[in-house]
Amino acid sequence: MRTDRVNTGETDRMKQKLIQMALDARRGAYAPYSHYQVGAALLADDGGVFTGCNVENASYGASCCAERAAVFRAVGEGKRRFLAIAVAGGMEGREPVEYARPCGICRQVLREFAAGNDMTVIVAKSAGDYEEYSLSELLPNSFGGESIQ
Ligand code: THU
């Protein structure tokens with residue numbers, strides 16, 4: 001995880017906290033159309049954590065993913081730089097059985113606010129079963145605001 005100020009034990013505890021918060025946030029998902037429920041927990045550079053869930057709409061294109069819901073909530077609270085995000089998703093009524101990796105649009109939105117243009121992305125099925133990526137791995141050669149002069 002991208003934080004120089006914490007030791008390994010603290011980093012592991014933070015990962016577990018983010019995963020648990022993502023799993024909890026998933027319970028708030030509003031997904032009556034896909035029945036696919038996603039939760040996300042986003043770590044800001046000041047240590048704050050912001051959660052989100054997917055919110056669908058009868059006009060399907062108006063739906064919002066959990067990751068973007070978390071980013072928009074955090075930015076609305078004045079946060080602009082994020083170190084890590086945990087995501088957990090799966091069909092309603094069961095624990096996640098697949099890794100719910102962020103969609104392309106969410107990867108781009110995360111890129112906009114990634115501290116140092118990169119962040120840790122944790123994709124969890126459970127507290128003990130997760131993948132860990134860097135955002136730059138999931139979205140290589142990305143486009144960002146620094147390209148617009
Ligand atoms: N979804 C997310 O919340 N995050 C993603 O990265 C991919 C998909 C949601 C959107 C929709 O409500 C449901 O999962 C099925 O696509």
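Points worth noting:
- Helical runs assigned H by DSSP (4 residues or longer) give the chain a calculated mean residue ellipticity at 222 nm of -9000 deg cm²/dmol, each run adding -39500 (n - 2.57) before division by the residue total.
- Whole-percent carbon and sulfur share, accessible surface of the chain, 1.4 Å: 49 percent
- Counting only whole DSSP H helices of the chain, the ones at least 20 Å long by C-alpha along their axis and with mean Kyte-Doolittle hydropathy no lower than -1.0 are 8-26.
- In the assembled protein chains, Arg101 presents an accessible area of approximately 110 Å² (probe radius 1.4 Å).
- Difference of contour (0.36 nm per residue) and Cα-Cα distance, Cys103 to Glu132: 8.9 nm
- Cross-link partners of Lys125 among lysines (Cα-Cα below 19 Å; sequence separation of 8 or more within a chain): Lys15, Lys17
- With 0.36 nm allotted per residue and the present C-alpha distance subtracted, the Tyr60-Phe72 stretch has 2.4 nm of extension available.
- Accessible area expressed per residue, the chain, with surrounding protein chains retained (probe 1.4 Å, Å²): 52 Å²
- Heavy-atom accessible area, probed at 1.4 angstrom with all protein chains present, ranks Tyr133, Tyr33 as Tyr33, Tyr133, highest first.
- FRET efficiency, 1/(1 + (r/R0)^6) with R0 22 Å, evaluated for Glu92 and Gln20 via beta carbons: 0.70
- Cα gyration tensor shape for the range 17-118, rounded if a/c is under 1.5, else prolate or oblate: prolate
The values are calculated or read from the model by the stated rules, or taken from the named source; none is laboratory data. Note that the structure is a prediction, hence the values are computed from the model and not measured. Note: ideal-geometry Cβ built from the backbone for every residue, glycine included; neighbour counts use all protein chains shown. Side chains included, ligands, DNA and RNA excluded: accessible areas come from the protein's heavy atoms. Shrake-Rupley method; radii C 1.70, N 1.55, O 1.52, S 1.80 Å.
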